[in-house]
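Some notes on the structure that comes next.
None of the figures in this text is laboratory data; all of them are computed from the coordinates on show. Not measured: the values here are computed from a predicted model. All Cβ positions, even for glycine, are placed from backbone atoms using ideal geometry, and neighbour counts span all protein chains on display.
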Amino acid sequence: MLEATFWGFLAASSLILGALVSFRFRIPERGLGLILAFGAGVLMSTVAYELVSDSLGDAPAAGLYGVAMGAGALTFYLGSVWLAKRGGGDGDEDAETPAQAGGRLMSHRGSRQQGNAIVLGSVLDGIPESIVLGVSLLMGPVSVPVLAAVFVSNVPEALGASADLRAAGVTQRRILGMWLVVAIASAAAAGLGYVILSGAPEPVVTMVEMYAGGAILAMLAESMVPEAYQKGGRPVGLATVLGFAVAATLSAVS
């Protein structure tokens, strides 16, 4: 259990690393878009090769796996709608009048909504993936492709979300605290996954993976990919394919 907890925290610790990098260095907007695109490609490959492909050979349960993926996407969607209704934050911007804030108010709200959406996606896909990391120890060594994909993809996620939240006026301390909570939750999920799912049937474990895949794809389509294109322009297509290829290679050689 302790080993599973360690791997879960290690995979999620790159969220904190990404936040620290965003505080220390001012990354050009175009560069940030390309980093986000690379991370999106890594996540796409992880969904395709590490989460979905394992279920394709189990035809009788394929329908349930599809439902699980849909449930993950729906969970992210509902969470995103809830964040949007709250204005993407705690409403402190509302203290400013339109005359005082002008276009900056709308820009800050948009930045916070984008940042919070990526954070939500990190939680919804990070916790199930951490559970999968914990369960993988039951069958041998930790899954290197999943570990590497989660670690690598978390960096641009944290870079993008932290930059957006900073632009919206959120303090560095609060941002770091938020990522630390996500990392601790992921570590706990890995440990609990090792204990709770140790005797679970393989289809149940696969459904957890598919749930994670649905949340990841919904986050990519709604937040990460659009923001990457908005910031990086046309080259994000190449960066996305590069990220996909790197993660696919890790899966192939493992």
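Sort 182-188, 193-199 by the packing proxy (mean of other Cβ within 10 Å over each peptide's residues), most packed first.
Output ranking for 182-188, 193-199: 182-188, 193-199.
Provide the FRET efficiency to the nearest 0.05 for the LEU2-PHE25 pair, computing r from the beta carbons and using R0 = 35 Å.
Once the sixth-power term is evaluated, E becomes 0.55.
Modelling each spin label as a point 7 Å along the Cα-to-Cβ direction, I'd like the LEU180/ALA167 distance in nm, to one decimal.
In this crude label model, LEU180 to ALA167 measures out at 2.7 nm.
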